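Here the structure comes first, spelled out in structure tokens, and everything after it is commentary.
The values are calculated or read from the model by the stated rules, or taken from the named source; none is laboratory data. Since the structure is predicted, the reported quantities are computational estimates derived from the model, not experimental observations. Quick reminder, even Gly has a Cβ in these numbers, built from the backbone with ideal geometry, and neighbours come from all protein chains shown.
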Amino acid sequence: MAVWLMQLLCPKRHCILAAPYDPTRTSVANLQHDAQQFMLQEALNPWCALCGSTDLTFEHTETPFHSLTDIEPLLRDLAEAQAQTNKQFGRF
């Protein structure tokens, strides 16, 4: 099994949302629907906080990871880096 990554990107490829998933257990349509629901519920902004674009698209890419457990350390590191970026922009 390979882990796939769904990203919600603006045209400048700023990432609004990223979610790893196992395609044998999770449907792409459900993932995209959930992301759209987060935006409707205002739990996720429907625009890029860096450039302001509202032209957002989903992209799905296979990763080199074989399980969600394998990708966890990388995701923790990326989440920490994102938190630091958010602090620099003064939004969080």
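Structure notes:
- Hits in segment 17-32 (condition: outside any loop (DSSP other than H, G, I, E, B), farther than 16 Å from Leu78 by Cβ and either in contact with a strand residue (DSSP E or B) (Cβ under 8 Å, 6 or more places away or on another chain) or at pLDDT below 90 (or both)): Val28, Leu31, Gln32
- The residue that is nearest to Phe38 (Cα to Cα), counting only those in segment 53-70 that are over 14 Å from the mean Cα position of the chain (by Cα) and not charged (D, E, K, R), is Thr54.
- Restricting attention to segment 36-59, the residues being in contact with a helix residue (DSSP H, G or I) (Cβ under 8 Å, 6 or more places away or on another chain) and among the small types (Gly, Ala, Ser) number 1.
- Segment 40-52 residues that are among the aliphatic types (A, V, I, L, M), paired with ones that are exposed (fewer than 11 other Cβ atoms within 10 Å of the Cβ) and not in a loop (DSSP other than H, G, I, E, B) (beta carbon under 8 Å, 6 or more apart): Ala49/Phe89
- Qualifying residue in segment 5-16 (condition: part of a helix (DSSP H, G or I) and at pLDDT 90 or above): no
- For segment 33-92, filtered to residues that are among the β-branched types (Val, Ile, Thr) and assigned to a loop (DSSP other than H, G, I, E, B), the residue that is surrounded by the most Cβ atoms within 10 Å (Cβ to Cβ) is Thr63.
- Any hit, segment 63-74, residues being in contact with a Phe, Trp or Tyr (Cβ under 8 Å, 6 or more places away or on another chain), within 15 Å of Leu8 (Cα to Cα), of a type in the set (Ser, Thr, Tyr) and at pLDDT 90 or above: no
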